[in-house]
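The values are calculated or read from the model by the stated rules, or taken from the named source; none is laboratory data. Note that the structure is a prediction, hence the values are computed from the model and not measured. As a convention, Cβ positions derive from the backbone with ideal geometry for all residues, glycine included, and neighbour counts pool all protein chains shown.
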Amino acid sequence: MPSLSAFFLTILPFLTSSVIGIWMIQHENLLKNFGWKEWGIVCVGCVVGCALALIPPTLLAFGFGYFWGWRGFIPLISLNLAAITLVYSIVHQMNKKNLLQALARFPRVAIFLDKTHDDQVRFVFFTKLSPVLPFALTNLIFALMGLRLRNILVGGFLGMIPRTALAVWIGTEAKEIGQLIENPNENMIGRMVIISLVVVSVVGLLRFFGKNNDSILLIDALLIPICYFFNQPMVACMEYDRFYMR
């Protein structure tokens, strides 16, 4: 199961995004001639793809920025929020009470949940602000932790604005779709902004959780819900938790 979960959360998105990128390069003229109906179908597919970790939102932002310009910014934010809602709805159908009761057995997770539930919007904001944290994985974690959908959407909306605006801007600056897909980070300003967002996100999360070994708390508490969701041996997760409680 660990290898299966790693495949779905890392390798599969890489493969699907590569295929989509190649298709976009080969069918650039077709995409330029799409009407509202065709783009509407694309948007629905993108919502499902982002929710299932098949399409990285950054790739979508590059494409929307290239083909739509800044007109694609609001649709992109809407797509991301719809994907968050879809993931939340799927997880909500699970027996969340049993999940939270299972997670509460781990001391670090209990502390983690208490802190995040005190200020959910702030926690979601700093998590979504980082361009390097996987979109689908963070959505799954928020839902598994039992955060309120409204707080996830508000924090996610605010956190996604800078990274989405950056990706759209990079898309608008690209002269060829092939260049955009193959070398999206060649712009020095874009690199500096990405680094800045990562730093602000990390500092914000560490300040949110305080000083007492909370970097370990954050990693530990995020790992255990994923172990539970993918049906990993809970004993292994418990041993992991006990190790860091020494």
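For this structure, a couple of remarks:
- Residue among Ala83, Ala61, Ala53 that is among the small types (Gly, Ala, Ser) and outside any helix (DSSP H, G or I): Ala53
- Selection from the stretch 159-186 of residues that are surrounded by fewer than 16 Cβ atoms within 10 Å (Cβ to Cβ) and either closer than 24 Å to Thr127 by Cα or touching a His at 6+ places or on another chain (Cβ under 9 Å) (or both): Ile161, Asn185
- Qualifying positions in the stretch 187-203 - of a type outside the set (Val, Ile, Thr), surrounded by 12 or more Cβ atoms within 10 Å (Cβ to Cβ) and at pLDDT below 85: Asn187, Gly190, Ser201
- From the options Val132, Val109, residue that is surrounded by fewer than 19 Cβ atoms within 10 Å (Cβ to Cβ), at pLDDT below 90 and farther than 30 Å from Asn33 by Cα: Val132
- Among (1) under 21 Å from the mean Cα position of the chain (by Cα); (2) at pLDDT 70 or above; (3) surrounded by fewer than 16 Cβ atoms within 10 Å (Cβ to Cβ), the one test that Phe209 misses: (3)
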